[in-house]
Amino acid sequence: MQGIKNFINGEFVDAATGKHFEKRSPVDGKVIAHIAEAGQADVDAAVVAAQEALKGEWGKLTVDQRVDLLYGVANEISRRFEDFVAAEMADTGQPRHVMTSAFIPRGAANFKVFADIIKNVPNESFPMATPDGRGALNYAIRVPKGVIAVISPWNAPFLLMTWKVGPALACGNTVVVKPSEETPMTTTLLGEVMNTVGMPKGVYNVIHGFGPDSAGEFLTRHPLVDAITFTGETRTGTAIMKAAAEGVRDVSFELGGKNAGIVFADTDFTAAVEGIFRSAFLNSGQVCLGTERVYVERPIFERFVLALKAKCEAVKFGRPDDHAANYGPLISDEHRQKVLSYYSKAVEEGATVVTGGGIPPMSADLAGGNWIQPTIWTGLPETAAVVREEIFGPCCHIRPFESEDEVVNLANATDYGLSTTIWTSDLSRAHRLAARIDVGVTWVNSWFLRDLRTAFGGAKQSGIGREGGVHSLEFYTETRNICVKL
Ligand code: NAD
């Protein structure tokens, strides 16, 4: 049994509340950790430590010195790769290959990439005329925003948290991170890395707890927090935005999605089936960029549905380190109940259940885990709840379409606007569609490929702002204009 503490001012500490909460394994339901539950006093201590660190050694480092520290963090994550893989597998229950191919390496990359960007970012400077003919020079400097609150979700915990901590630190800020209560481990482990590489105390702080009336809300309401970056559900974003309004703090939001996958009859059929299978079912469907609405051009509709069904029925459930398995459980029983409620709703609304729809039979040692079958529906109207609302589980509804215009309208008929994936061999059509679909990211003949230097974020209710590359600098720094009379 692990005891997980808060990490405040460079020290692992119990909560002043004396309270703990339990972490259960998604694979078998057993309690695997007790986590110190931060209260208001712990959040105060973390935020004050972060503010003090800005005034101390950290605030005086040159950009090169900061960059060296961030490279050190990335290298130390790589050195302790197996520790991070094990911690993330324990928290999420997802297969080892998901950790080793994406979740952990991307976490290390988030420190390297933003260290490189901050070293190379250009600055603006404009000479201007003055009435006396001597002129003046306007130039900009970027300064850190201050103490950044980082609130992260459970579905790709390390990747999504470092995606914010990397650029925040590269820009010279300090952070207080509130990871999801479901996945506290890798965020805590990063505290050890920070100490090993000699990160000044108070630059990186972690507090554990829940959202409303707990560590999350205490942090977002804290008057010494200068800006809030959040990834999670749209309705949580609404609550955080209200908290941020007090003190007029800036927010960056990466929120929910109800993403469309569009498959044309001229596509490479096998690649499209594989691509949509990944986009709908990877990480047991717990991916914000996942495809829960699939639109397939009429001539290949039946064949496509059967091919996707076969892939769903071939998954092998099992523990993350079981080489014979390739499919994990949902994060918690609470989340499974939510997803199952959509499985029932789909049937009530008249869906044809192509495959799945329930809980798979599991061996006795895994029966306590949050297992659920990958599920495909057809035959529902676009007004059905499972076609409109984000489920965040391993499921999708597939509908045939006849024309480009029709599918653009279908794809855009949602309050969300995070991503889409288009499968076609006609690249002119792909370009046309990509410009018409109201989302932050469009993939063509691919999914989940993205250079960290590009802009990432959602349209409509899927987010506010863009992070990634230089776009992150817009959020994590203030630009000051200085005008010098010559
Ligand atoms: P969530 O909104 O329930 O929780 C996210 C975090 O917010 C957790 O740390 C939680 O404790 C905290 N929180 C909850 N209420 C709070 C409050 N009132 N004040 C402050 N903090 C609060 O989301 P989740 O269930 O952890 O994650 C799944 C959601 O995240 C899905 O909607 C998914 O689409 C979204 N997501 C979006 C992206 C993206 O890039 N757009 C990426 C991953 C996940």
Within segment 178-199, tally of residues that are buried (at least 22 other Cβ atoms within 10 Å of the Cβ) and within 20 Å of Asn155 (Cβ to Cβ): 10
Single match in Glu274, Glu292, Glu254 (criterion: surrounded by fewer than 23 Cβ atoms within 10 Å (Cβ to Cβ) and modelled with pLDDT of 95 or more): Glu274
Single residue of segment 428-447 satisfying the filter (open to solvent by less than 70 Å² (accessible area, probe 1.4 Å) and of a type outside the set (A, V, I, L, M)) that is farthest from Leu289 (Cα to Cα): Arg429
Strands (runs of 3 or more DSSP E) fully within segment 118-198 counting 3 or more residues that are of a type in the set (A, V, I, L, M, F, W, C): 136-144, 147-151, 174-178
Helices (runs of 4 or more DSSP H) completely within segment 267-379 that count 1 or more residues being among the acidic types (Asp, Glu) and under 24 Å from Glu182 (Cβ atoms): 333-348
Condition met for Val48 (surrounded by fewer than 19 Cβ atoms within 10 Å (Cβ to Cβ), of a type in the set (Val, Ile, Thr) and assigned to a helix (DSSP H, G or I)): yes
Subset of segment 200-218 (residues that are crowded, with 24+ Cβ neighbours inside 10 Å, outside any helix (DSSP H, G or I) and not β-branched (Val, Ile, Thr)): Gly202, Tyr204, Asn205, His208, Gly209
Qualifying residues in segment 428-486 (those that are part of a strand (DSSP E or B) and more than 30 Å from Leu54 (Cα to Cα)) - the one farthest from the chain's Cα centre (by Cα): Lys485
Residues of segment 274-321 that turn out to be in contact with a Leu (Cβ under 8 Å, 6 or more places away or on another chain) and more than 26 Å from Ser462 (Cβ to Cβ), as a count: 3
Residues of segment 238-251 classified as surrounded by fewer than 22 Cβ atoms within 10 Å (Cβ to Cβ) and within 7 Å of the ligand (Cβ to nearest atom), total: 2
Criterion violated by Phe269 - all others in (1) more than 20 Å from Ser101 (Cβ to Cβ); (2) buried (at least 22 other Cβ atoms within 10 Å of the Cβ); (3) in contact with a Lys or Arg (Cβ under 8 Å, 6 or more places away or on another chain) satisfied: (2)
Scan of segment 92-131 for residues that are of a type in the set (D, E, K, R) and farther than 30 Å from Asp68 by Cβ, ordered by number: Arg96
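The values are calculated or read from the model by the stated rules, or taken from the named source; none is laboratory data. Source: prediction; values computed, not measured. Positions of Cβ are generated from backbone atoms using ideal geometry, with glycine treated the same way; all protein chains shown enter the neighbour counts. With ligands, DNA and RNA removed, areas are computed over all heavy atoms of the protein, side chains included. Shrake-Rupley method; radii C 1.70, N 1.55, O 1.52, S 1.80 Å.
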